[in-house]
Structure formats: C-alpha cells, structure tokens
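> Attaching a single structure in structure tokens format; questions to follow.
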Amino acid sequence: MKKPVLERPVLLDVQGITRLYGPAKGCEAIDFQLHAGEVLGIVGESGSGKSTLLRVLAGLEAPDAGQVLYRRQADDAGGEDAELDLYAIGEARRRALLRLEWGLVHQNPRDGLRMGVSAGANIGERLMAQGQRHYGQLRASGQAWMRQVELDPGRIDDAPRTFSGGMQQRLQIARTLVTRPRLVFMDEPTGGLDVSVQARLLDMLRTLVRQLGLSVVLVTHDLAVARLLAHRLLVMRRGQVVETGLTDQILDDPQHEYTQLLVSSVLTP
Ligand SMILES: Nc1ncnc2c1ncn2[C@@H]1O[C@H](COP(=O)(O)OP(=O)(O)OP(=O)(O)O)[C@@H](O)[C@H]1O
C-alpha cells in the first residue's frame, strides 16, 4: 500500500521566504514543506500574496530573504546534488530545472503556450528540451497527450489560437505534463473559464494528479477547487500565512477568524 502523503519524503522545503513590494504587499516569512505526491493549496483573497509566493517558489522571482530547497530522491539525482538551493544554483541551472524537472501552469494559457506554433509542437517542445529528437515519437506523444486531455488528436497541426479558452488550458496542461515533471506549480488553473468548462477541467486535473502521482503547489482563490484537489491548505492574508492544515479540517472547522470569514463567504449565498 502507498504511504500517506505526509509520511513521504519532503520534496520542497521552503524556509522564511519574504518578497515584499511594500508593507503587507507580497509575502513574508513563509515556511512550509511539500511532500512527494502531495497537492498543497495556497488560498486567500485577491492581493494576499499567493501569486508572489508562487513566482518565488517556481524560480521566477528572487526572494528578499529565505530559501527554497528542492530535495531530489537519491536515485533521481544521478550523481548530482541531492538538495538544490533554488537561488544559489545560478540562473542557467535554475532554468534547466524548470525545463526538465518542474512544470508551471499559468492562469492564462497564452502565458504558457506558444500561440503561433502548432499544438503538437507545443507539446513536443519540452520533450525536445529533454533530448528527444525522433519526429515520429514526438508526434505520437503529442497525439497521446491530446487524447489524455480530451483534445481531438486530429487537430495536432492546428495553432492554439484557433482553440477555445478551455481547450488552450488543456493544451497547456498537456505541454506541462508530457515530460512527467516531479513538481508542478499551478496558478489559478481553472480561473477565467466558464463554470461548466471549469468543472470538466477540474475533473480532468484531479484524475491526472492522481494517475501521475504529481506533487503540486496550487494557487487558487476558489475554495471549491482547493477542496477537490488539495491534500493540505495554506491560508494567506496580507502576505502572511494565518492557518495551515488538512483541507477538510480547514474548510470544515476553520480556526482563524479570517479563514472562518473566507469559508463562510463562500458557503453563504
Ligand atoms: N511586481 C509587483 N510590483 C509591485 N507590487 C506588486 C507586484 N506584484 C504584486 N504586487 C502587489 O503585491 C500584493 C500581492 O499580490 P499577489 O498578486 O501576490 O496577490 P494574489 O493573492 O495572488 O492576488 P490575485 O489573486 O488577485 O492575483 C498586491 O498588493 C499587489 O498589488
């Protein structure tokens, strides 16, 4: 039987991360650990600092203070350091990490896709970055992943700009997951879509996360999304974490006044 997620090894160790643009603007003194196979939801109202924290964690913006430590499994490290300090390894290695071992799903698929090249090229690009060159195999992987995210593989040569918003988001997810990243960051992955499109996408994401055993840091202001996907939650307010715990515990029995407000504002129409 698989171990419960919180007993699995720590993949990401976040220590004292601070990135402030002004008082209470950004994120301050954030500590947490993400375990292998765990989905951690970062929730909070607009402006609470969720996206700022995610940008720092994903290697896109250096913190003012603190460390992001990525712990690879010994057998994954292939002779390299088993623990990497994200902002001490240098730009080139950080970029390689993002390309080869991590994945990032943006809220707006336009930020994660290349809109002018075909759907197949979008999916194949990350595989090529990993060294795959065989055209037939790249195309077969592209088609297989289009099926996986419920896109018509017959549209592999079409550019994403001819797809609907929901289809573009599914394509972005395929592009991100095709390389089987060990760690995936998602920023409001279902935001900006119609409610019915959101529900289908969420269902698909949940299946993929389980099937692939992904480790995910998920930013969302939508507690229903957090409930469905996350094992654990971190509640942010004005740049700080006010409460953490198992998702059901937090949503069913919130302790902090702010979390209580957040939960009740969703539950009461
Ligand atoms: N590059 C920046 N320069 C200056 N201020 C910024 C910058 N990025 C974010 N902020 C400010 O930091 C605060 C936190 O923003 P952030 O986007 O992290 O919050 P959020 O919780 O993700 O909100 P939302 O859900 O609306 O995206 C906000 O007050 C925002 O205006």
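The values are calculated or read from the model by the stated rules, or taken from the named source; none is laboratory data. Since the model is a prediction, treat every value here as computed from it, not as a measurement. So basically every Cβ, Gly included, is an ideal-geometry build from the backbone, and we count neighbours across all protein chains shown. All accessible areas refer to the heavy atoms of the entire protein, side chains included, with ligands and DNA or RNA removed. Shrake-Rupley method; radii C 1.70, N 1.55, O 1.52, S 1.80 Å.
> With the checklist (1) of a type outside the set (Asp, Glu); (2) under 22 Å from Ala230 (Cα atoms); (3) away from the ligand (no atom under 16 Å from the Cβ); (4) open to solvent by 10 Å² or more (accessible area, probe 1.4 Å) in hand, flag the one item Gln107 doesn't pass.
In the conditions (1) of a type outside the set (Asp, Glu); (2) under 22 Å from Ala230 (Cα atoms); (3) away from the ligand (no atom under 16 Å from the Cβ); (4) open to solvent by 10 Å² or more (accessible area, probe 1.4 Å), Gln107 misses (3) alone.
> Next question. Given (1) in contact with a strand residue (DSSP E or B) (Cβ under 7 Å, 6 or more places away or on another chain); (2) of a type outside the set (A, V, I, L, M, F, W, C); (3) touching a residue at least 60 places away in the same chain (Cβ under 8 Å); (4) under 21 Å from Arg237 (Cβ atoms), identify the lone condition not met by Gly66.
Going through (1) in contact with a strand residue (DSSP E or B) (Cβ under 7 Å, 6 or more places away or on another chain); (2) of a type outside the set (A, V, I, L, M, F, W, C); (3) touching a residue at least 60 places away in the same chain (Cβ under 8 Å); (4) under 21 Å from Arg237 (Cβ atoms) one by one, Gly66 breaks only (3).
> Let me ask something else. Could you list, in sequence order, all residues of segment 61-76 that are assigned to a loop (DSSP other than H, G, I, E, B) and at pLDDT 95 or above?
Going residue by residue through segment 61-76, those that are assigned to a loop (DSSP other than H, G, I, E, B) are 61-64, 72-73.
Within segment 61-76, Glu61, Ala62, Pro63, Asp64 qualify.
> For segment 1-54, which residues satisfy the criterion of being within 16 Å of the ligand (Cβ to nearest atom), outside any strand (DSSP E or B) and not small (Gly, Ala, Ser)?
Listed by number, the residues that qualify are Pro23, Glu45, Lys50, Thr52, Leu53, Leu54.
> Restricting the search to segment 192-236, which residues are open to solvent by 40 Å² or more (accessible area, probe 1.4 Å), within 20 Å of Met167 (Cβ to Cβ) and not β-branched (Val, Ile, Thr)?
Matches in segment 192-236: Gly192, Asp194, Ser196, Gln198, Ala199, Arg200, Asp203, Arg206.
> List the pairs whose first member sits in segment 215-244 and is within 25 Å of Arg180 (Cβ to Cβ) and within 15 Å of the ligand (Cβ to nearest atom), whose second member is open to solvent by 40 Å² or more (accessible area, probe 1.4 Å) and not in a helix (DSSP H, G or I), and whose Cβ atoms are under 9 Å apart, counting only residues at least 6 apart or on separate chains?
Going by the 9 Å Cβ cut-off, the qualifying pairs are Val219/Gln107.
Here's the yes/no breakdown for (1) under 17 Å from Leu34 (Cα atoms); (2) in contact with a strand residue (DSSP E or B) (Cβ under 6 Å, 6 or more places away or on another chain):
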position: Met167; (1), (2): no, no
position: Leu183; (1), (2): yes, yes
position: Gly191; (1), (2): no, no
position: Val197; (1), (2): no, no
position: Leu212; (1), (2): yes, no
position: Ser215; (1), (2): yes, yes
position: Val225; (1), (2): no, no
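> Residue check: is Gly41 in contact (Cβ under 8 Å) with a residue 24 or more places away in the chain, in contact with a strand residue (DSSP E or B) (Cβ under 6 Å, 6 or more places away or on another chain), surrounded by 13 or more Cβ atoms within 10 Å (Cβ to Cβ) and on the phi > 0 side of the Ramachandran plot? Walk me through how you get there before you give the answer.
Numbers: in contact (Cβ under 8 Å) with a residue 24 or more places away in the chain: yes; in contact with a strand residue (DSSP E or B) (Cβ under 6 Å, 6 or more places away or on another chain): yes; surrounded by 13 or more Cβ atoms within 10 Å (Cβ to Cβ): yes; on the phi > 0 side of the Ramachandran plot: no.
Judged against the criteria, Gly41 is not a match.
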